[in-house]
Amino acid sequence: MATTSGTAKVTLPADTQILITREFDAPRHLVWRAYTEPALIKRWWAGNKGNVTSVEVDLRVGGFWRYVMVANGGFEVAFHGEFREVAPPERLVNTEAFEGVPDPDGTAGVVTVTLTEKDGRTYLESLCEYHSQEIRDAVIGSGMEGGMQESYDALEQVAVSLA
């Protein structure tokens, strides 16, 4: 299998939304595993931006998750959230709070990830919804897209390696 690179597309379907779509050259059940299993998340989440130091995942409705990395500049970056819907291997809904802002949970987004498979390839749609356009624009302005491209490239490599 040949992996793709930098192919995620980011669109803004509404004032408070970010939609990310990407195709992976791996079957859905392997993308799901790479996306949800702590040992596998550690291998892709930071992309080339640093080293993942901690991944906690309680994959159930009401369960919490938290990812921490030390970025290349030596500072820590952490996100956390709560799972609202878990439907393996096709749908995951969770909150996503960036711990580097004054009110992480108050500015958290809700992320709905849908995975569909066709001909052994997986199509990911990740819809991120925020409380306001200001928060959405701050996320876009944070450089999120570059990091996400690297992370998704690495996610694909991890999923392919499981085959």
* Please sort by residue number the GluC sites (Glu not before Pro) in the range 83-163 whose DSSP state is loop and whose Cβ has at most 16 other Cβ atoms within 10 Å. => 90, 99
* Spin-label point model (7 Å from Cα, Cβ direction): what's the residue 163 to residue 48 distance in nm? -> 2.3 nm
* Please work out the Cα center distance from the range 68-134 to the range 137-154, rounded to the nearest Å. => 12 Å
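Given the -39500 (n - 2.57) contribution per DSSP H run of 4+ residues, what per-residue ellipticity at 222 nm results for the chain, rounded to the nearest 500 deg cm²/dmol?
Numbers: 4 runs with 43 residues, N = 163.
Calculated mean residue ellipticity at 222 nm is -8000 deg cm²/dmol.
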* Please identify, among 126, 142, 151, the residue showing maximal mean-square fluctuation in a Gaussian network model of the chain using a 10 angstrom Cα cutoff. => 142
* Structure fact -> Expected vector for the range 47-60, Karplus 3J(HN,Hα) from phi with 6.51, -1.76, 1.60 and θ = phi - 60°, integer Hz, x for Gly and Pro, equals x, 9, 8, x, 10, 6, 9, 7, 9, 10, 9, 10, 7, 7
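For the range 1-154, report the translational diffusion coefficient in µm²/s to the nearest whole number, using Stokes-Einstein at 25 °C, 0.890 mPa s, and a Kirkwood Rh over Cα pairs.
After rounding, the answer is 155 µm²/s.
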* Asked: Using +1 on the beta carbon of Lys and Arg, -1 on that of Asp and Glu, and nothing else charged, what's the dipole of the range 42-163 about the Cα centre, debye to 20?
  -> 360 debye
* With label points built 7 Å along Cα→Cβ from the Cα atoms of residue 119 and residue 75, find their separation and express it in nm. => 4.4 nm
* Asked: In nm, to one decimal, how far is the residue 61 label point from the residue 29 one, both placed 7 Å along Cα→Cβ?
  -> 2.4 nm
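Normalised by the number of residues in the range 9-161, what is the relative contact order in percent for Cα pairs under 8 Å and 6+ residues apart?
With pairs under 8 Å counted, the relative contact order is 30 percent.
Here, each number is a calculation from the coordinates, and none is a lab measurement. Source: prediction; values computed, not measured. Using ideal geometry, Cβ is built from the backbone for each residue, glycine included, and neighbour counts are taken over all protein chains shown.
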